[in-house]
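In what follows, a structure is listed as structure tokens, so that the remarks can point back to it.
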Amino acid sequence: MILPWLLLVPFAGGLLCWQLERFGIRLVRWVAVATIFIVLILAVELWLTGDTAGRWTEQFSVPWIPRLGIRFALSLDGLSLLLIGLTALLGLTAVACSWREITRHIGFFHLNLMWTLGGVIGVFLATDLFLFFLFWEVMLVPMFFLIALWGHNIPGGNGRIYAATKFFIFTQASGLVMLVAILALVFVHNQSTGILTFSYSALLHTPMSARTEFWIMLGFFVAFAVKLPVVPLHSWLPDAHSQAPTAGSVVLAGVLLKTAAYGLLRFLLPLFPHASVEFAPIAMWFGVFGIVYGAVCAFGQSDIKRLVAYTSISHMGFILVGVYAGTQIALQGVIIQMLAHGISSGGLFILCGQLFERLHTHDLRKMGGLWARFSRLPPIALFFVVASLGLPGLGNFLGEFLILLGTFKTYPSVTVVAACGLILSAVYSLILMQRAFHGKPSDEDKLRDLNRREIATLGTLMAFLIWLGLYPQPILNTSRASMQALQTQFASAEAEIRPASAAREAP
Amino acid sequence: MTLQQLLALSPLLILSITILVVMLAIAIKRHHGWVATISTAGLSLALLPLVVYYCLPDSFALRLPQTVTPLLRIENYACFYTALILIAALATTTLSHGYMEGYRGNREELYLLLLLSTVGGLVLVASRHFASFFIGLELLSVPMYGMAAYLVKERRSLEAGIKYLVLSAVASAFIIFGMALIYSQTGTLVFSDIGASVANGERIVMILGGAMLLIGIGFKLSLAPFHLWAPDVYEGAPAPVTSYLATASKVAVFALLLRYFVEAHAYRYSVLVDALSVLAILSILIGNVLALRQEDLKRLLAYSSIAHFGYLLVALIASGALATEAVGIYLLTYVVTTLAAFGVITLMSSPHKDHDAEILFDYRGLFWKHPYLAAILTVALLSLAGIPLSAGFIGKFYVLGAGVDKGLWTLLAAVVLGSAVGLYYYLRAMVQLYLRPRWVMPFSAPRNWATNAGGGMLIVLMLVMLVLGVYPEPFITLVRAAGLSGQ
């Protein structure tokens with residue numbers, strides 16, 4: 001019964017924030033903190049007490065629209081548990097980092113923030129395809145408002161409403177393609193079994209021809225590829241990030257992008273194992289292209305938030321490669337990479353926000369020499385930058401290393417090119433450091449340094465990154481059973497499709 | 001005529017009596033409030049037998065289906081659409097009351113016209129014969145000329161009325177010519193007999209007749225490429241009339257179209273189905289694309305309605321029991337949503353001013369002034385855009401489902417593309433509500449808008465929109481009970 005609470009708390013908390021605004025804005029902020037804290041506590045409790053070794057740790061299911069075989073079905077396993085924990089953690093930092101930045105319509109802002117988080121948690125829990133799609137779309141509307149109403153109109157950009165609309169149209173349109181694919185899957189299942197159902201577990205082994213499977217898979221892939229984003233479909237991301245408020249960027253990069261990776265792991269691979277195996281090389285090359293393209297574009301940016309946005313594209317490329325490699329090591333690497341990227345990019349966006357609060361610009365050309373003007377901010381920034389470039393000992397390194405290790409055996413060429421992306425990531429990370437913090441300061445005045453709230457926020461994220469880098473075993477244990485099941489399925493599909501190559505590798 | 005038949009006809013009869021009462025009431029003493037009350041009471045009374053029939057099927061004496069004369073057939077299908085039209089008329093009446101309060105001319109005849117038009121709609125959804133089809137259609141349309149041009153001193157209202165009159169008359173001419181062609185081949189005017197005797201007629205003339213009918217109906221439903229009147233009439237007509245035009249009249253015509261296609265076996269002419277597909281794709285694309293740059297909310301909703309009837313045609317083309325269900329659900333969600341959207345426009349406007357509150361800029365910052373009113377419009381726009389948790393999503397879901405079931409991939413691609421384009425203008429309209437308000441708002445709803453009849457009705461519509469989106473099962477059961485026989 002704990003699962004509906006995970007959903008109910010953020011949605012109800014959001015409404016509460018909205019209505020409490022009339023009693024004072026500090027109250028709103030603390031209610032928001034309390035809301036997310038409850039979610040975090042629930043997640044931690046599930047983590048400590050739950051058993052993640054089996055198929056599902058917790059399940060909840062009630063009939064919803066019996067006519068169409070739709071149930072309100074929620075299930076939780078290690079994978080969803082970790083991502084919900086990440087959502088709660090980043091949600092807390094998102095509230096914290098908007099403490100001073102957001103001054104208008106605070107109640108409505110927190111309503112939207114809470115509902116976005118609620119929608120994301122719903123995506124991570126839903127095991128009914130209709131419900132999954134519902135949450136997939138529901139989280140977009142509040143996110144749209146976050147960008148459109150509290151975003152920045154960056155000079156030279158097209159404005160925040162443009163960015164928000166672009167984000168919404170890209171993700172919603174691709175979502176509709178997925179809806180058609182979901183319906184096609186359900187009707188194919190209905191034709192072969194006579195049962196109309198949207199249940200994930202029932203649809204898992206739907207018999208269908210290879211051609212049908214491929215087309216339906218592609219429908220899902222389009223939606224996930226836009227959200228991840230995969231390179232030709234990525235153009236909404238830099239725009240959205242550069243205009244979004246800090247909290248919006250944190251949630252967008254930290255958790256919204258992860259819903260796509262989650263969708264690949266939870267739905268695409270298990271529902272269409274054969275088509276996925278067929279599609280794997282193509283998807284991986286898309287991923288590799290994204291790694292290189294994102295890195296090269298990041299290098300060329302002068303807007304610091306756009307730069308971080310392009311690094312996200314590059315890092316998400318690793319996730320795509322890892323998912324389609326399908327080996328146990330690579331899949332575990334994907335988990336670590338998702339968590340580490342969520343935290344490190346969240347930290348970087350918070351730093352961008354803090355710079356913006358002090359300098360009122362995102363433009364790297366107007367920065368420079370900042371190391372001399374702060375005492376605490378630059379070293380912390382250095383920490384997140386080297387985390388993002390994959391310094392051993394921090395989470396990102398581990399994720400990328402595991403992904404490359406797990407991919408090398410089956411796709412050495414992909415691995416080689418992807419590994420070169422690591423060099424590029426060092427280049428863009430160091431250039432970011434160089435241009436923002438070193439060089440000749442434009443002004444000698446000291447700037448307001450980080451206060452305790454900001455240090456606490458960033459310190460927490462730093463602690464998590466170090467934990468992920470040094471002792472990831474508890475995390476890996478949590479996700480092991482889910483990833484094991486996925487890998488087994490992937491391997492058996494591969495054996496069916498490529499018996500020759502499997503046999504060749506066996507000895 | 002038996003008691004059963006009288007009972008089956010009771011909504012129609014009650015409404016006709018109401019018209020007489022309203023006419024007498026106006027003749028005795030002009031009183032706006034009284035006339036509005038009588039009309040509301042009459043419409044509610046007409047709705048009552050349907051509610052009782054649905055809720056207590058065993059204890060109520062009525063047994064359906066009933067064929068009343070060769071013209072009308074009352075079954076669950078007709079009852080469902082009757083109820084939908086009555087609800088739309090009821091909503092329009094309550095909205096008109098607040099809106100017309102500010103009008104200085106004669107206000108009472110609007111209700112008379114509205115009731116007359118509603119009777120036409122009721123005839124239309126129950127008709128199984130070309131004669132009742134045509135009578136119903138004219139009874140539906142002719143009062144609407146008067147309604148559109150009701151604010152006679154306004155140039156734009158008058159223009160809307162005349163434009164609608166001319167084009168509607170042309171459409172009726174097409175329809176009657178189509179009927180004549182079909183009659184010449186089959187020798188019957190009853191839909192089902194046309195379906196049965198179709199084999200002996202000459203194919204090409206039958207197709208031509210069907211095409212003529214489609215053109216006429218296309219005009220009435222404002223399907224592209226027969227959509228040119230819609231934006232002008234929507235813009236010029238008074239806001240409550242527009243809400244009636246967009247909902248009740250289109251629902252009635254669409255319900256008839258579906259019945260005709262099923263009963264007269266029009267699906268067997270693949271040329272006609274192909275023509276419908278072309279109309280659907282054109283409507284979806286043209287409606288959505290032309291709405292993109294609209295600054296006028298009423299025109300925007302006109303184009304959006306063109307696109308929505310394109311989506312509905314996809315369900316019609318899919319054919320079969322699931323498609324009938326999809327049409328029912330979609331029309332239900334469409335009516336509720338459109339009424340809510342126009343309801344907000346009506347509350348914001350008044351015939352005092354020389355035009356309604358229709359420019360998007362008029363709505364800038366509404367949320368910070370009237371949060372609940374803006375929330376209703378937001379939900380309505382999201383629902384029109386088909387975002388989950390609102391009614392419109394369930395409708396779109398059904399349409400996509402019906403299309404996937406029959407493998408209509410081209411049409412589905414058009415629906416997806418159209419919806420994606422549509423998002424742009426719905427979001428554009430929606431975000432206006434939340435921007436920083438203007439210093440002086442030229443239009444504003446009265447402070448106590450929620451306490452008058454129209455405001456209360458809007459809140460109910462808002463709740464229905466959300467319930468439909470969150471828990472549609474009871475509505476699905478209702479629509480499923482209203483299937484057409486012969487499928």
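Taken together, the values in this text are just the output of simple stated rules run on the coordinates, not laboratory data. Computed from a predicted model, the values in this text were never measured in an experiment. Cβ atoms come from the backbone with ideal geometry, glycine included; neighbour counts cover every protein chain shown.
Please find the FRET efficiency linking A:His438 to A:Glu45, where r is the Cβ-Cβ separation and R0 is fixed at 35 Å, and quote it to the nearest 0.05.
Given R0 = 35 Å and the Cβ-Cβ separation, E is 0.15.
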Partner aspartates and glutamates whose C-alpha sits under 13 Å from that of B:Lys220, ignoring same-chain residues fewer than 8 away, are B:Glu138
Say a paramagnetic label sat at a point 7 Å from the Cα of A:Arg67, along Cα to Cβ; which residues of region A:156-197 have their backbone N under 16 Å from it? A:196-197
Would you kindly calculate the translational diffusion coefficient of chain A, applying Stokes-Einstein with the Kirkwood radius from alpha carbon pairs, for 37 °C and a viscosity of 0.692 mPa s, and quote it in µm² s⁻¹ without decimals? 144 µm²/s
Subtracting the Cα-Cα distance from 0.36 nm times the residue separation, let me have the gained length for A:Gln489 to A:Ala12 in nm, one decimal. 167.9 nm
Within 10 Å of each residue's Cβ, count the other Cβ atoms and sort A:Cys352, A:Cys420, B:Cys55 from fewest upward. B:Cys55, A:Cys420, A:Cys352
Using a simple spin-label model with points 7 Å from Cα along the Cα→Cβ vector, what separation in nm is obtained for A:Ile282 and B:Val21? 6.7 nm
Any idea what the dipole of region B:362-487 comes to, in debye rounded to 20, about its Cα centre with Lys/Arg Cβ at +1 and Asp/Glu Cβ at -1? 420 debye
Two pseudo-spin positions, 7 Å from Cα along C-beta at B:Ala169 and at B:Arg438, lie apart in nanometres by 3.8 nm
For the protein assembly as shown, rounded, prolate or oblate, judged on the Cα gyration tensor with a ≥ b ≥ c (square roots of eigenvalues), a/c < 1.5 rounded, else prolate if a/b > b/c? prolate
Evaluate the charge dipole of chain B about its Cα centre and quote only its size in Debye, nearest 20, assuming +1 on the Cβ of each Lys and Arg and -1 on the Cβ of each Asp and Glu. 720 debye
Heads up, region A:369-481 by the C-alpha gyration tensor (a ≥ b ≥ c square roots of eigenvalues; a/c under 1.5 rounded, else a/b over b/c prolate, else oblate) looks oblate
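Under unit Cβ charges (Lys, Arg +1; Asp, Glu -1), what dipole magnitude, rounded to 20 debye, does region B:102-187 have relative to its Cα centre?
200 debye
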What's the FRET efficiency of A:Thr460 with A:Ile431 using the Cβ-Cβ distance as r and R₀ = 22 Å, to the nearest 0.05? 0.20
Divide by every residue of the protein assembly as shown the summed helix terms, -39500 (n - 2.57) for each DSSP H run of at least 4, and state the resulting mean residue ellipticity at 222 nm, rounded to the nearest 500 deg cm²/dmol. -24500 deg cm²/dmol
If you take the charge dipole of region B:3-480 about its Cα centre, with +1 on Lys and Arg Cβ and -1 on Asp and Glu Cβ, which of B:Ile38, B:Leu408, B:Ala323 is farthest toward its positive end? B:Ile38
Can you grab the distance from the C-alpha centre of region A:447-473 to the C-alpha centre of region A:243-318, Å, no decimals? 24 Å
What FRET efficiency would be calculated for the residue pair B:Ser192, B:Thr69, taking the C-beta separation as r and a Förster radius of 22 Å, to the nearest 0.05? 0.90
Using the 10 angstrom Cβ neighbour count as an exposure proxy, how do A:His341, A:His152, A:His362 rank, fewest first? A:His152, A:His362, A:His341
Label-point gap, in nm, between A:Leu218 and B:Val271 - each point 7 angstrom along Cα→Cβ: 3.5 nm
Could you tell me which helices of chain A pass both thresholds, a Cα extent of 30 Å or more along their own axis and a mean Kyte-Doolittle hydropathy of at least 1.0, with helices taken as whole DSSP H runs? A:25-49, A:160-193, A:273-299, A:304-325, A:328-359, A:412-437
When the Cα centres of region A:187-214 and region B:1-74 are compared, how far apart do they sit, in Å? 48 Å
Using +1 at the Cβ of each Lys and Arg and -1 at the Cβ of each Asp and Glu in region A:337-439, identify which of A:Phe383, A:Gly421, A:His360 lies farthest towards the dipole's positive end. A:His360
With the dipole of chain A worked out from charges on the C-beta (+1 for Lys and Arg, -1 for Asp and Glu) around the Cα centre, which of A:Leu196, A:Met139, A:Ser174 lies farthest toward the positive end? A:Met139
25 Å Cα-Cα threshold exceeded, pairs from A:Lys305/A:Lys409; A:Lys305/A:Lys446; B:Lys153/B:Lys298; B:Lys163/B:Lys298; B:Lys298/B:Lys369: A:Lys305/A:Lys409
